[in-house]
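*Asks:* Structure in structure tokens, see below.
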Amino acid sequence: MQKTRRFLAWFIDFALVVVAASGLAMLTFHRISALFTDVPGLAAKSGLDLLTSRGDVVRASEGLGLSLWHTTVLYVEQGFGLLVVAAFLYQWASLALAGRTLGKALTGLKVTPAAPSRAALRAAVTTTADVAVYALACILLVEGQFVLSVLVWVAAVVVFFLNALPVLSAGRRSLADRVAGTAVEGFRFGSAAAVPSAHTF
């Protein structure tokens, strides 16, 4: 029962991250679309580049294309960066202010102690395991670093399980709990009963 509640809590919290990621993806798409639909501005820039290229049309067009590509990559990287920041702030603010995320609240779980410093440490580890390393792998892929991206993705999977698997040990505390010095409490019938932390996120 406790394991089910903890999984549901993680699922709800991760679903919120997915919603945030979808919103940021839409924002990034619109930013890129606006960049490429600015035809007059691009035409003027292209025309100026051609006039000053002294006949080197290929070089001028390559410069324009690279400029657009680098801006597009920057927008994508900013989207991933905002996702990591949003995930961290959600975890930290929820734990520091209420001692629980939305997922934990809906499943009757609470993290203790809920001091801001401990909440920040726990949020940092959780965000790293859930989002940050995966985001880095995606950024490297966009940058064209395919091999490094795959290695970082593998590292992301390892970090995820390093955070999750300790709950199977005797202490039943995730890596996030161990780093932050926190534990998860389950509530039944209005009274708090401390439960070893098997909630990995």
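Please treat every number below as a calculation from the coordinates, not as lab data. Here the structure is a predicted model, which is why all the values come from computation and not from measurement. FYI the Cβ positions are ideal-geometry reconstructions off the backbone, even for glycines, and counts take in every protein chain you see.
*Asks:* Taking θ = phi - 60°, what integer Hz values does the Karplus form 6.51 cos²θ - 1.76 cosθ + 1.60 yield along segment 129-145, in sequence order, with x for Gly and Pro?
*Replies:* 5, 8, 10, 4, 5, 5, 4, 4, 4, 5, 4, 5, 5, 5, 6, x, 8
*Asks:* Moving on to the next point. Can you sort Arg172, Arg122 from fewest to most other Cβ atoms within 10 Å of each residue's own Cβ?
*Replies:* Working: Arg172 18, Arg122 26.
Least crowded to most crowded, the residues run Arg172, Arg122.
*Asks:* Fully extended, how many nm does the chain gain between Thr37 and Val179 (0.36 nm per residue separation, minus their Cα-Cα distance)? Mind showing how you got there, number by number?
*Replies:* On the way: separation 142, 0.36 × 142 = 51.12 nm, distance 4.80 nm.
Contour length minus the Cα-Cα distance gives 46.3 nm.
*Asks:* I've got another one for you. When you count, for each residue, the other Cβ atoms within 10 Å and take the mean per peptide, how do 17-29, 132-144, 68-80 rank with the highest first? Don't jump to the answer; show the numbers that get you there.
*Replies:* Working: 17-29: 14.2, 132-144: 17.9, 68-80: 15.7.
So the peptides 17-29, 132-144, 68-80, ranked by packing, come out 132-144, 68-80, 17-29.
*Asks:* Please work out the FRET efficiency for the pair Phe7 and Val85, using the Cβ-Cβ distance as r and a Förster radius of 22 Å; give the result to the nearest 0.05.
*Replies:* Values: r = 26 Å, r/R0 = 1.18.
My answer for the efficiency is 0.25.
*Asks:* Further question: Extending each Cα 7 Å along its Cβ direction at Thr72 and Phe161, get the distance between those two points in nm, one decimal.
*Replies:* Distance between the two pseudo-spin positions: 3.6 nm.
*Asks:* Sticking with the crude label model, points 7 Å out along Cα→Cβ, report the distance from Val18 to His30 in nm, one decimal please.
*Replies:* Using points 7 Å along Cα→Cβ, the separation is 2.3 nm.
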